[in-house]
Amino acid sequence: MSTEKLLLPVKGMHCASCAMLIEKTLSETPGITKAEVNAVSEKISLEFDPSTLPLDTIAQDIHNLGYELIVPKIENRTSHMAEHDHSEQGEHDHSIWDKDSSITQNTSFPTETRLALSLAAITIFVMGWDTFGKLGWVPMMWPIPRELFHALMPMFAVIILSTVGRGYFGAVWRFFRSGNAGMDALVGIGTITATAYSFILSGFSTVLSPYLDVQITYFDVTVVVIALINLGRILEAQSKRRTGEAVSALMRLEAKTAWVVRDGEELEVDVETVTLSDEVIVRPGMRIPIDGVVLSGASWVDESALTGESIPVEKAPKDEVSAGTVNTSGLLHIRPIRLAGATLLAEIIRKVEAAQNSKAPIQGLADRISSIFVPTVLVIATLSLLSWLILGTYFLGFEKALPLAIVSFVWVLVIACPCALWLATPTAIVTGVGKWAQNGILIKNAEALELLASVDTVVFDKTGTLTEGKPEVTDIIPISWKYREEDILSLAASVESGSEHPIAGAIVRATEERKIALKNISHFQSTAGSGVRAELDGKILEVRRPTLQNDPENIVSKLESSGKTVVMLTIDGEVMGYIAVADRPKKSAKEVVSRLKDMGKLVVMLTGDNERTAHAIATEISIEQVIAGVLPTGKSEEIERLRGENRKVVMVGDGVNDAPALASADVGIAMATGSDAAMASADVTLIGGNILKIPSALLLGRGTVRTIHQNLFWAFCFNIIGIPLAAGLFVPFFGWTLSPAFAGAAMAFSSVAVVTNSLRLKRIRL
């Protein structure tokens, strides 16, 4: 079975209940292995077998629910996973809600919404005056305006239902046809019931007056509830758009065109047509359109949009530049190294979107509750209706019991909104992940974000993570007068030229700086953690770590105690000399360690370097716990050992040899300046490799999870308190009831409150 994975926009979702309905329906469809709908980004993450279930069939299933799946052209499916501009989405109409009444993307106040709010304002004003007049707080309303208002109420209700409320008819119809009930179905059943009951009372007042109080109608319930819910959804949509600003901002960084030199002419072409053989010209002030290497020119490039670093970076020939960054000064000629759709910026966008649309484990609780929420609400509303009809009639009489039964049925359906519950987690995740992206921190999924909140141990690789990663040769020590320093360096560099280890790079660079020629070697071999070897004129050359037996005069001990790493060169097993290399700590290393300690974290250095060198570096940056002399295969074992001590471990590394440890940790953090293997194994990537962002990542992770807990708490409290109150449970004891205005407003603004609380994450200072 072949599985296709897509992230696609869905139009027409105007609340979390819509997302819940789509997800529930698709999850139960054979051929779909995963369907996760994000109510905030309004996208669906699909995993399905196209041979069993074509995408067009899935789109039709979603259409049958009243929504529309945006299916990209086949050739574009690998690019941005169906990137869809918000402004374009706003131009399309919902299959049920027309352009004016759809508030999914159009977050302005359309004509129908303004009309609905005006009618609701008049209704609330008159209702309030009438209520306060009966309490003696204000004079009673004059009879003529009061009667005129009540005469107009049926028309108000019809206007509301035929404009902003007509989508509820479709929701109710789909519920009775298929049994799929969302929040719209609940609101529709409630308001239609109230309106129908009111029309029956008005139309048959003479017949019913001996049995019921025909003066009590509920047209005002329909007007106020639907208008306020519509207002709440507009405000919610505006808030949700703010949570997704990070991805939108990243997408705006992508250049649409590029200037290239072809056949001696400068041409402006679509960035999609740029090839690896083109020469791209970027003038001062222009955005760099493609990832590439500088051929000629020099400039300062503003990379803040990608890395979060405000200071421009100097670029010269052979330096790499990234799409989306801005050339601030000089003229640059660039050779592309990655095409459009495969740039670092495109990868960042994909990762941010994927992370924002993933689910944290804590979301499972809300999902389980939401899956049974709507049926439970229908049962509670029906039981409330029957209880008032049976018990209420017995104690109060049918004339008083029936209105209470109707209003309790309506108010339970209206106030019982699972939207806040379903928005609690995704709004916080979307905002948190977006905040990270704006600061050069990419996270793979929401599970890692949740784990970061509970981390108590941070393990650092040394070379390239805590240190600059560009060691330099400091000492060359021949064992005998027969060997010159140049000979030792030349032979060692000849062997090391086939290795990618940072120490090998330092030795090779030293020969380049001193203009020392390399030898032609053969049969190169490299053993992780042991060194390298090769043949030269039939002799075996080895460059490896020395042992105590190779250090009779304590030369190595003295060098290592000063924080230097030492390798020795041997010919056929005979030691020729030693080369000492020093890799100084990053300027930010000590500050990072200090901040992590202030946060209560245990900081550990894990390195393959020897004890003396490792401790010298650790002492300089104030790390007390050091695990040194560990082979690459042993790093993951050390991580597992720490986890076995009931610690939540973050591993920070940048090299190929760190990949197993990054994968073994609860959360792996890799430097974007490091190896691809490390980034692939990690859960978090630091663009630019700035380790100062690590405390920020932990801080934002903790803040995001705290916000999720707050959102869930208020969502649960809202329903636990609101539903019994709406059902009239407190009427016999305290006389407490709900007004329709309060029920509608509470339902609408509960979701707004959750989204607004999540937006506070944007104000966290990193």
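Here the extension length gained between F125 and K470 equals 116.9 nm, from 0.36 nm per residue of separation less the Cα-Cα distance.
Per-residue Karplus couplings for region 335-342, computed as 6.51 cos²θ - 1.76 cosθ + 1.60 with θ equal to phi - 60°, are listed in order as 9, x, 10, 9, 7, 4, x, 10 Hz, Gly and Pro entered as x.
Taking packing as the residue-averaged number of other Cβ atoms within 10 angstrom, the listed peptides 337-344, 208-215 run from highest to lowest as 337-344, 208-215.
Here the peptides 453-460, 278-285 are ranked by packing, the mean other Cβ count within 10 Å, and the order with the highest first is 453-460, 278-285.
Can you give the Kirkwood hydrodynamic radius of the chain from its Cα pairs, in Å with one decimal? Don't skip to the answer; put the middle values down first.
Numbers: mean 1/r = 0.0329 Å⁻¹.
Over the chain, the inverse of the mean reciprocal pair distance is 30.4 Å.
By the compact-protein rule of thumb, 2.2 N^0.38 Å, the alpha-carbon radius of gyration of region 366-495 corresponds to a ratio of 2.52.
Before rounding to the nearest 500, sum -39500 (n - 2.57) across all DSSP H runs of length at least 4 in the chain and divide by the residue total; then give [θ] at 222 nm in deg cm²/dmol. Could the numbers behind the result be given before it?
Details: 28 runs with 367 residues, N = 766.
Rounded to the nearest 500, the figure is -15000 deg cm²/dmol.
Which pairs in the list K315/K515; K519/K586; K435/K586; K11/K648; K648/K762; K462/K601 are over 29 Å apart, alpha-carbon to alpha-carbon? Too far apart for the 29 Å limit: K519/K586; K11/K648.
Nearest 20 debye, what's the magnitude of the dipole of the chain about its Cα centre given +1 on Lys and Arg Cβ and -1 on Asp and Glu Cβ? If you can, show how the numbers build up before the last one.
Working: 68 positive and 84 negative charges, 449 e Å.
Using Cβ point charges on Lys, Arg, Asp and Glu, the chain gives about 2160 debye.
The separation of region 558-607 from region 161-223, counted between C-alpha centres, amounts to 75 Å.
Let me know the Kirkwood hydrodynamic radius for region 506-590, please, with Cα pairs as the basis and the value in Å to one decimal. Could the numbers behind the result be given before it?
On the way: mean 1/r = 0.0686 Å⁻¹.
One decimal place: 14.6 Å for the Kirkwood radius.
Scanning residues 5 or more positions from T467 or on other chains, those with amide H under 5 Å from its amide H are K586, with H placed 1.01 Å from N in the peptide plane. Using the Cβ-Cβ distance between K590 and R509 with R0 set to 22 Å, the FRET efficiency from 1/(1 + (r/R0)^6) comes to roughly 0.25. Under 5 Å from the amide H of F48 lie the amide H atoms of E4, T33, each residue being 5 or more positions distant or on a separate chain, with H modelled from the backbone and absent for Pro and chain starts. Ordered from longest to shortest, the equivalent ellipsoid semi-axes for region 601-706 are 21, 16, 15 Å, each the square root of 5 times a Cα gyration tensor eigenvalue. Roughly how many Å is it from the Cα centre of region 279-303 to that of region 385-434, as a whole number? First find each Cα centre; the distance between them is then 60 Å.
So what is the relative contact order of the chain, in percent, for Cα pairs below 8 Å that sit 6 or more residues apart? So the answer I get is 13 percent.
Of the whole protein surface, F149 contributes about 20 Å² of accessible area at a 1.4 Å probe radius.
Here region 246-405 is treated as an ellipsoid with the same Cα gyration tensor; its semi-axes, largest first and in whole Å, are 64, 15, 14. The order of V575, V593 by accessible area, most exposed first and with a 1.4 Å probe, is V575, V593. Once R0 is set to 56 Å, what does the formula 1/(1 + (r/R0)^6) return for the Cβ-Cβ distance between K482 and T756, expressed as a FRET efficiency to the nearest 0.05? Efficiency computed from Cβ-Cβ geometry: 0.10.
At the listed q of 0.12, 0.21 Å⁻¹, the Debye profile of region 552-618, built from one uniform point per Cα, gives log10 I(q)/I(0) equal to -0.43, -0.91. Think of the chain as having a plus end and a minus end, set by charges on the Cβ of Lys, Arg, Asp and Glu; of G128, S561, I290, G128 sits farthest toward the positive end of this dipole.
Averaging 1/r across all pairs of distinct Cα atoms in region 167-220 and inverting the result yields a Kirkwood radius of 12.2 Å. Applying a DSSP loop filter and a limit of 10 other Cβ atoms within 10 Å to the GluC sites (Glu not before Pro) in region 637-735 leaves E645. In this structure the amide hydrogen of V138, modeled in the peptide plane, comes within under 5 Å of the amide hydrogens of G133, none closer than 5 places in sequence on its chain. Sparse packing (at most 13 other Cβ atoms within 10 Å of the Cβ) combined with a DSSP loop state is found for the following GluC sites (Glu not before Pro) in region 511-591: E553. Over region 7-54, the ratio between the Cα radius of gyration and 2.2 N^0.38 Å evaluates to 1.11.
Indicate the helices, whole DSSP H runs only, in the chain that combine a mean Kyte-Doolittle hydropathy of 0.0 or more with a Cα extent along their long axis of 27 angstrom or more. Answer set is 111-134, 143-162, 183-203, 219-243, 363-387, 419-438, 693-727, 740-759.
What net charge is computed for the residues neighbouring H150, neighbours being all others with C-beta under 11 Å from the C-beta of H150, Lys and Arg scored +1, Asp and Glu -1? Could you put the intermediate results ahead of the total?
On the way: positive: R146; negative: D130, E147, D220.
Summing Lys/Arg as +1 and Asp/Glu as -1 gives -2.
Sequentially through region 561-571, phi angles give Karplus couplings (6.51, -1.76, 1.60; θ = phi - 60°) of 5, 9, x, 9, 9, 10, 10, 10, 9, 10, 10 Hz, Gly and Pro residues having no value and appearing as x. Distance between the C-alpha centres of region 610-665 and region 679-727: 28 Å, rounded to the whole angstrom. Fraction of C-alpha pairs exceeding 18 angstrom in region 371-426: 42 percent, rounded to a whole number.
The values are calculated or read from the model by the stated rules, or taken from the named source; none is laboratory data. It should be emphasised that the depicted structure is a prediction, and the values quoted were computed from it without experimental measurement. Every residue, glycine as well, gets a Cβ built from its backbone with ideal geometry; the counts of neighbours run over all protein chains shown. The area values use the complete protein model at the heavy-atom level, side chains included, leaving out ligands, DNA and RNA. Shrake-Rupley method; radii C 1.70, N 1.55, O 1.52, S 1.80 Å.
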